[in-house]
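The values are calculated or read from the model by the stated rules, or taken from the named source; none is laboratory data. As the structure is a prediction and not an experimental result, all values here were calculated from the model. Glycine also receives a Cβ, built like all others from the backbone with ideal geometry; neighbour counts cover every protein chain displayed. Heavy atoms of the whole protein, side chains included, go into the accessibility calculation; ligands, DNA and RNA do not. Shrake-Rupley method; radii C 1.70, N 1.55, O 1.52, S 1.80 Å.
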Amino acid sequence: MVLAHPRVPRGHPHARRNLAIMKQCTHADALPHPEPEPLDETCPECLRDGTHPVQLRLCLTCGHVGCCDSSPGRHATEHHARTGHPVMRTFEPGEDWRWCFVDHVLV
């Protein structure tokens, strides 16, 4: 048995109530071009603390390298909280994605 979806007129305010709303980053357009050079090869806070970073992230505002939230120090997130710099990208070989801390979306 096939159930038909009820027809909802276009422009009806509830026409898409069951679809996820795609949130967009409002900060990516303001990032510097070219992106900043990494200030370090690894997370300097992890080196200072004697911990091991799980994965690295690069701040696309200033070039700070910090560890991900799976690391003990969560230094990339700490950097964002301290500076307000909104977008980072992965600093891992073979990966190519960005995250906006403010809008909580992949960029």
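Points to keep in mind about this one:
- Among (1) of a type in the set (Lys, Arg); (2) farther than 23 Å from Asp103 by Cβ; (3) in contact (Cβ under 8 Å) with a residue 24 or more places away in the chain - the single one Arg48 does not satisfy: (3)
- Thr83 vs. criteria farther than 18 Å from Arg48 by Cα, modelled with pLDDT of 95 or more and open to solvent by 40 Å² or more (accessible area, probe 1.4 Å): yes
- Residue selected from the range 86-104 under the condition open to solvent by less than 60 Å² (accessible area, probe 1.4 Å) and among the charged types (D, E, K, R), by the criterion modelled with the lowest pLDDT: Asp103
- Pair list, Cβ < 7 Å and 6+ apart or interchain, from the range 92-103 residues that are within 17 Å of Arg74 (Cβ to Cβ) to residues that are exposed (fewer than 13 other Cβ atoms within 10 Å of the Cβ): Trp99/Leu106
- Enumeration of residues in the range 89-103 that are within 15 Å of Gln55 (Cα to Cα) and part of a strand (DSSP E or B): Arg89, Thr90, Arg98, Trp99
- Output for the range 46-80, where each listed residue is open to solvent by 70 Å² or more (accessible area, probe 1.4 Å), under 15 Å from the mean Cα position of the chain (by Cα) and of a type outside the set (Lys, Arg): Asp69, Ser70, Glu78
- Selection of the range 77-91 for residues being out of contact with any Cys (no Cβ under 6 Å at 6 or more places or on another chain) and touching a residue at least 24 places away in the same chain (Cβ under 8 Å) yields Thr77, Glu78, Thr83, Arg89, Thr90, Phe91.
- A count restricted to the range 47-88 and to residues that are part of a strand (DSSP E or B) and of a type in the set (A, V, I, L, M, F, W, C) stands at 7.
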